[in-house]
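Here the structure is laid out as structure tokens; the discussion comes afterwards.
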Amino acid sequence: MSELETINPEPTLNILLVDDSIDDREYFRYLIDESDAVDFCVEEATNADDALEKLSRMRFDCVVVDYNMPGHNGVWLVQQMQQKDYESATILLTGGGSERIAVESMKSGSQDYLSKAGIDSPTLSQTILEAVESKSSQLELLRQSRKDELTGLSNRRSLLAALDKVCSRAQRFSRSAAILYMDLNGFKPINDRYGHQAGDEALKQFAHCLSQVARNYDTVARMGGDEFVVLLDELEGDGMLAAIRVAKRILEDVKALEIDYKGSKFGISSSIGISLFPQHTADPGQLIELADMAMYTAKKSGAGYYLAEEACSDLLLPVKGFGSVN
């Protein structure tokens, strides 16, 4: 292999240009072609709705959008992108400089603002690169704020955000979702006997076990202490059998765990409460409460898992348990 073949190619940044003016789009492409800072691949959209359709199908590093367009303007598009959690950086363009528009652009969540008047190739390419870097840093901070520090799982805030989206999607497409709420049985005695660091190790291994069982589009979260949640998305039918299968798998895998911390070896077990959307409730917050109630019933009864029955009562339906409570 020659030396030239071993050189990594320059990364390509995918850009979505949103502008109703064909002349402005052609000039933008000219400026991009003149840039030697990075390789840009440009896709075009003529309005905000067209842009959203393309964003639903493709990933873009940066969206450069005209402020003034027929129908929805550029600020509206940026706000829609934030609501839909698109991770593209955004830059707003306008035909003339305006402090009011600049302030409005930044308040909308856009990374930067440029006036079309007098823009040149180096300025445009540098602004895009800085916007992409700024958005990347922002997303990394957001991801860190949504992670549990000890286990690396999602935290409570992240779970609640995911739950709202999962339930909304399930309702829209007539699908089911489920909450598995669980904790470790006898966790306090583990801390008392082996120390808090051993307890932390048990939590980390339990978290890893949950991550291995969950599918890549499910959400696994630590609620705090020794309490965890698995949010099961995209379940067919009423979701009950699928949720029970996952609960059984978790109980089996946890039962097989042996925690080895500085020569001390011990096992752990768990109790699981299950609630189903929309069968038990159409309220996401109440879905968690019902699963939490069912988990404590499982713990008290000695069953490995328990299924919530009613949305707004304390009636719970016992199902065949699995495992034992320490």
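A few remarks follow.
- Förster-model FRET efficiency, 30 Å R0, A256 and L139, C-beta, rounded to 0.05: 0.25
- Under conditions of 25 °C and 0.890 mPa s, the chain yields 107 µm² s⁻¹ as its translational diffusion coefficient, taking Rh as the Kirkwood radius over Cα pairs in the Stokes-Einstein equation.
- Cα gyration tensor, the range 119-178 - rounded (a/c under 1.5), prolate or oblate: oblate
- Label-to-label distance, nm, for residues given as L241 and Q212 (7 Å Cα→Cβ offset): 2.7 nm
- Residue-span extension gain [K107 to D39] - 0.36 nm each, minus C-alpha spacing: 21.5 nm
- The range 129-170 - percent of accessible surface contributed by carbon and sulfur, probe 1.4 Å: 49 percent
- Cross-link pairs out of K84/K116; K147/K262; K204/K300 include none exceeding 32 Å in C-alpha to C-alpha distance.
- Given charges at beta-carbon only (K, R positive; D, E negative), |dipole| of the range 140-212 in Debye: 460 debye
- Test item: Cα-centred dipole of the chain, Lys/Arg +1 and Asp/Glu -1 on Cβ, debye: 2040 debye
- Highest GNM mean-square fluctuation among K299, K54, K147, for the chain modelled with Cα contacts below 10 Å: K54.
- Spatially, the range 45-73 and the range 132-189 are offset by 28 Å when compared through their Cα centroids.
- Antiparallel content of DSSP bridges confined to the chain, in %, to 5: 50 percent
The values are calculated or read from the model by the stated rules, or taken from the named source; none is laboratory data. Since the model is a prediction, treat every value here as computed from it, not as a measurement. We place every Cβ from the backbone using ideal geometry, glycine too, and count neighbours over all the protein chains shown. Surface accessibility is based on the protein's heavy atoms, side chains included, excluding ligands, DNA and RNA. Shrake-Rupley method; radii C 1.70, N 1.55, O 1.52, S 1.80 Å.
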